[in-house]
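Engineer: Quick one: structure below, then a few questions.
The values are calculated or read from the model by the stated rules, or taken from the named source; none is laboratory data. A quick note: this is a predicted structure, and the numbers were derived from the prediction, not measured. In this analysis, Cβ positions are derived from the backbone assuming ideal geometry, glycine residues included, and neighbour counts consider all displayed protein chains. Note: accessible area is taken over every heavy atom of the protein model, side chains too, but ligands, DNA and RNA are not part of it. Shrake-Rupley method; radii C 1.70, N 1.55, O 1.52, S 1.80 Å.
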Amino acid sequence: MTTQNALVTRACAPVGRAVALALAEHGFDLALQYDDAALGPDIQNLVDKIVETGRKAVGLHCALLDAGELPHLFSQARRSLGGAITVLINNATQFSLDEMSDATSDSFDAHIGANLKAPFLLSKAMADQTLRVGRDDTGAPTPSGLIVNVMAQRVGHATTKHLTGTLASAGLVALTQSSALDLAPAIRVNGVAMDRSMRNRRAEQSLSVDPWLATLPFDAPAPV
(Lines give C-alpha, C1' and ligand atoms only; values in the text may rest on other atoms or scores of the structure.)
Protein backbone atom coordinates (compact mmCIF):
# COMPACT_ATOMS: atom_id res chain seq x y z
CA MET A 1 0.00 0.00 0.00
CA THR A 2 1.31 3.44 -0.93
CA THR A 3 2.03 5.71 2.03
CA GLN A 4 -0.37 8.64 2.17
CA ASN A 5 0.64 12.18 3.05
CA ALA A 6 -1.19 14.75 5.15
CA LEU A 7 -0.74 18.48 5.75
CA VAL A 8 -1.98 19.84 9.09
CA THR A 9 -2.09 23.60 9.67
CA ARG A 10 -1.32 25.08 13.09
CA ALA A 11 -0.21 21.64 14.16
CA CYS A 12 0.99 22.89 17.58
CA ALA A 13 -2.57 23.71 18.63
CA PRO A 14 -4.24 20.98 20.73
CA VAL A 15 -6.60 19.80 17.99
CA GLY A 16 -3.91 19.94 15.31
CA ARG A 17 -1.50 17.96 17.46
CA ALA A 18 -4.09 15.29 18.31
CA VAL A 19 -5.13 14.91 14.68
CA ALA A 20 -1.50 14.71 13.51
CA LEU A 21 -0.73 11.94 15.99
CA ALA A 22 -3.91 10.05 15.01
CA LEU A 23 -3.00 10.29 11.33
CA ALA A 24 0.50 8.99 12.05
CA GLU A 25 -1.00 6.01 13.87
CA HIS A 26 -3.07 5.33 10.76
CA GLY A 27 0.01 5.23 8.54
CA PHE A 28 0.24 8.80 7.25
CA ASP A 29 3.39 10.84 6.78
CA LEU A 30 2.90 14.40 8.04
CA ALA A 31 3.74 17.97 7.06
CA LEU A 32 3.13 20.18 10.10
CA GLN A 33 2.60 23.90 9.54
CA TYR A 34 3.29 26.45 12.27
CA ASP A 35 3.14 30.26 12.22
CA ASP A 36 5.41 31.42 15.01
CA ALA A 37 9.11 30.63 14.84
CA ALA A 38 9.07 30.44 18.65
CA LEU A 39 7.01 27.26 18.30
CA GLY A 40 9.90 25.50 16.59
CA PRO A 41 10.73 23.39 19.67
CA ASP A 42 7.08 22.33 20.04
CA ILE A 43 6.93 21.30 16.40
CA GLN A 44 10.18 19.37 16.76
CA ASN A 45 8.72 17.55 19.75
CA LEU A 46 5.70 16.58 17.66
CA VAL A 47 7.93 15.54 14.76
CA ASP A 48 9.91 13.31 17.11
CA LYS A 49 6.76 11.65 18.45
CA ILE A 50 5.55 10.94 14.91
CA VAL A 51 8.92 9.55 13.86
CA GLU A 52 8.75 7.21 16.88
CA THR A 53 5.65 5.65 15.31
CA GLY A 54 7.66 4.82 12.19
CA ARG A 55 6.19 7.60 10.08
CA LYS A 56 7.89 10.56 8.43
CA ALA A 57 7.20 14.11 9.63
CA VAL A 58 8.47 17.59 8.83
CA GLY A 59 7.74 20.97 10.35
CA LEU A 60 7.06 23.84 7.94
CA HIS A 61 7.24 27.45 9.12
CA CYS A 62 4.76 29.61 7.19
CA ALA A 63 2.57 32.57 8.15
CA LEU A 64 -0.99 31.65 7.19
CA LEU A 65 -1.88 35.33 6.88
CA ASP A 66 0.68 35.67 4.09
CA ALA A 67 -1.45 34.53 1.15
CA GLY A 68 1.52 34.60 -1.19
CA GLU A 69 3.27 31.92 0.87
CA LEU A 70 0.44 29.37 0.95
CA PRO A 71 0.98 27.80 -2.50
CA HIS A 72 4.65 27.52 -1.59
CA LEU A 73 3.68 25.84 1.71
CA PHE A 74 1.66 23.23 -0.16
CA SER A 75 4.35 22.53 -2.74
CA GLN A 76 6.97 22.36 0.01
CA ALA A 77 4.84 19.80 1.85
CA ARG A 78 4.65 17.71 -1.30
CA ARG A 79 8.39 17.87 -1.88
CA SER A 80 9.22 17.11 1.74
CA LEU A 81 6.97 14.05 1.86
CA GLY A 82 7.78 12.89 -1.65
CA GLY A 83 4.31 12.71 -3.12
CA ALA A 84 0.80 14.14 -3.38
CA ILE A 85 -0.99 15.42 -0.30
CA THR A 86 -4.03 13.21 0.16
CA VAL A 87 -5.34 14.66 3.44
CA LEU A 88 -5.51 18.38 4.25
CA ILE A 89 -6.50 19.46 7.77
CA ASN A 90 -7.35 23.16 7.84
CA ASN A 91 -7.02 23.71 11.57
CA ALA A 92 -6.28 27.44 11.63
CA THR A 93 -9.26 28.54 13.71
CA GLN A 94 -8.92 32.06 15.10
CA PHE A 95 -11.72 33.54 17.18
CA SER A 96 -10.65 36.66 19.02
CA LEU A 97 -13.03 39.02 20.77
CA ASP A 98 -14.33 42.00 18.83
CA GLU A 99 -17.66 43.68 18.21
CA MET A 100 -18.97 46.45 16.00
CA SER A 101 -17.69 49.15 18.35
CA ASP A 102 -14.06 47.97 18.31
CA ALA A 103 -13.72 45.72 15.24
CA THR A 104 -11.15 47.02 12.78
CA SER A 105 -9.97 46.34 9.29
CA ASP A 106 -7.03 44.49 10.85
CA SER A 107 -9.22 42.23 13.01
CA PHE A 108 -11.39 41.52 9.97
CA ASP A 109 -8.35 40.65 7.84
CA ALA A 110 -6.87 38.44 10.57
CA HIS A 111 -10.04 36.34 10.94
CA ILE A 112 -10.81 36.15 7.24
CA GLY A 113 -7.19 35.39 6.44
CA ALA A 114 -6.74 32.55 8.94
CA ASN A 115 -10.24 31.05 8.99
CA LEU A 116 -11.29 31.44 5.37
CA LYS A 117 -8.65 32.62 2.92
CA ALA A 118 -5.98 30.14 4.03
CA PRO A 119 -8.35 27.13 3.84
CA PHE A 120 -9.54 28.34 0.43
CA LEU A 121 -6.05 28.69 -1.03
CA LEU A 122 -4.81 25.39 0.43
CA SER A 123 -7.95 23.58 -0.75
CA LYS A 124 -7.40 25.02 -4.21
CA ALA A 125 -3.79 23.83 -4.17
CA MET A 126 -4.97 20.35 -3.19
CA ALA A 127 -7.59 20.34 -5.94
CA ASP A 128 -4.95 21.37 -8.47
CA GLN A 129 -3.21 18.04 -7.87
CA THR A 130 -6.05 16.39 -9.85
CA LEU A 131 -6.26 13.35 -7.60
CA ARG A 132 -7.80 10.33 -9.26
CA VAL A 133 -11.23 8.89 -8.55
CA GLY A 134 -11.13 5.38 -7.13
CA ARG A 135 -13.72 2.61 -7.39
CA ASP A 136 -14.97 0.24 -4.73
CA ASP A 137 -15.93 -3.40 -5.25
CA THR A 138 -19.32 -2.37 -6.59
CA GLY A 139 -17.85 0.12 -9.05
CA ALA A 140 -19.05 3.15 -7.08
CA PRO A 141 -16.66 6.12 -7.09
CA THR A 142 -14.50 6.62 -4.00
CA PRO A 143 -12.38 9.64 -3.09
CA SER A 144 -8.61 9.49 -2.98
CA GLY A 145 -8.35 12.82 -1.13
CA LEU A 146 -9.85 14.34 2.00
CA ILE A 147 -10.12 17.91 3.25
CA VAL A 148 -11.28 18.58 6.81
CA ASN A 149 -12.09 22.15 7.81
CA VAL A 150 -11.95 22.59 11.58
CA MET A 151 -14.47 25.26 12.51
CA ALA A 152 -14.74 27.57 15.49
CA GLN A 153 -16.93 26.33 18.32
CA ARG A 154 -19.55 29.05 17.86
CA VAL A 155 -20.13 28.37 14.18
CA GLY A 156 -23.78 28.80 13.29
CA HIS A 157 -24.46 30.99 16.35
CA ALA A 158 -24.47 34.74 15.82
CA THR A 159 -22.77 36.68 18.61
CA THR A 160 -21.99 40.32 19.21
CA LYS A 161 -18.69 39.48 20.93
CA HIS A 162 -16.96 37.73 18.02
CA LEU A 163 -18.13 39.76 15.06
CA THR A 164 -15.40 39.28 12.47
CA GLY A 165 -14.67 35.74 13.66
CA THR A 166 -18.33 34.83 13.16
CA LEU A 167 -18.23 36.30 9.65
CA ALA A 168 -15.17 34.22 8.81
CA SER A 169 -16.75 31.07 10.26
CA ALA A 170 -19.87 31.56 8.15
CA GLY A 171 -17.65 31.86 5.10
CA LEU A 172 -15.85 28.63 6.00
CA VAL A 173 -19.18 26.80 6.20
CA ALA A 174 -20.01 28.05 2.71
CA LEU A 175 -16.57 27.07 1.44
CA THR A 176 -16.96 23.58 2.93
CA GLN A 177 -20.36 23.06 1.34
CA SER A 178 -19.40 24.43 -2.07
CA SER A 179 -16.06 22.62 -2.29
CA ALA A 180 -17.65 19.36 -1.13
CA LEU A 181 -19.91 19.51 -4.19
CA ASP A 182 -17.26 20.87 -6.53
CA LEU A 183 -14.45 18.45 -5.69
CA ALA A 184 -16.47 15.23 -5.37
CA PRO A 185 -15.92 12.43 -6.03
CA ALA A 186 -12.11 12.72 -6.16
CA ILE A 187 -11.86 14.70 -2.90
CA ARG A 188 -14.22 14.49 0.04
CA VAL A 189 -14.66 17.68 2.06
CA ASN A 190 -15.95 17.77 5.62
CA GLY A 191 -16.29 20.36 8.36
CA VAL A 192 -15.91 19.66 12.07
CA ALA A 193 -17.19 22.11 14.71
CA MET A 194 -15.21 20.97 17.70
CA ASP A 195 -17.62 21.88 20.52
CA ARG A 196 -20.42 19.96 18.83
CA SER A 197 -18.18 17.00 18.09
CA MET A 198 -16.75 16.86 21.61
CA ARG A 199 -20.05 16.99 23.50
CA ASN A 200 -21.39 13.63 22.43
CA ARG A 201 -20.41 10.02 22.93
CA ARG A 202 -18.32 10.04 19.77
CA ALA A 203 -15.92 12.62 21.18
CA GLU A 204 -12.85 10.46 20.71
CA GLN A 205 -13.88 9.62 17.16
CA SER A 206 -13.85 13.30 16.23
CA LEU A 207 -10.05 13.16 16.54
CA SER A 208 -9.72 10.01 14.43
CA VAL A 209 -9.35 9.77 10.69
CA ASP A 210 -11.74 6.79 10.43
CA PRO A 211 -15.06 8.66 10.85
CA TRP A 212 -13.93 11.31 8.36
CA LEU A 213 -13.03 8.71 5.78
CA ALA A 214 -16.35 6.96 6.30
CA THR A 215 -18.61 10.01 6.23
CA LEU A 216 -19.99 11.64 3.12
CA PRO A 217 -20.32 15.44 3.33
CA PHE A 218 -23.67 16.52 4.76
CA ASP A 219 -25.03 12.96 4.44
CA ALA A 220 -25.27 13.50 0.70
CA PRO A 221 -25.76 10.45 -1.52
CA ALA A 222 -22.64 9.13 -3.16
CA PRO A 223 -21.99 10.93 -6.46
CA VAL A 224 -22.60 8.88 -9.58
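Engineer: Return a whole-number percent for the relative contact order of region 10-157, with Cα pairs under 8 Å and 6 or more residues apart as the contact set.
Structural biologist: Values: 179 pairs, mean separation 32.4, N = 148.
For region 10-157, the relative contact order is 22 percent.
Engineer: Let me ask something additional. Given labels modelled 7 Å from the Cα in the Cβ direction, how far is it in nm from Met100 to His72?
Structural biologist: Placing both labels 7 Å along Cα→Cβ, they lie 4.1 nm apart.
Engineer: So, with a 1.4 angstrom probe, what is the percent of accessible area on region 80-174 that is carbon and sulfur?
Structural biologist: Values: 2470 of 4400 Å².
Of the solvent-accessible surface of region 80-174, carbon and sulfur hold 56 percent.
Engineer: At a Cα cut-off below 17 Å, give the aspartates and glutamates reachable from Lys124, other chains included and same-chain residues fewer than 8 away excluded.
Structural biologist: Result set, ordered by chain and number: Asp66, Glu69, Asp182.
Engineer: If ligands, DNA and RNA are left out, what is the accessible area of Lys117 with a 1.4 Å probe, given in Å² to the nearest 10?
Structural biologist: Looks like 100 Å² after rounding.
Engineer: How would you rank 136-142, 164-170, 46-52, highest first, on the average number of other Cβ atoms within 10 Å across their residues? Mind showing how you got there, number by number?
Structural biologist: Numbers: 136-142: 9.3, 164-170: 22.7, 46-52: 16.3.
Sorting 136-142, 164-170, 46-52 by mean packing, highest first, produces 164-170, 46-52, 136-142.
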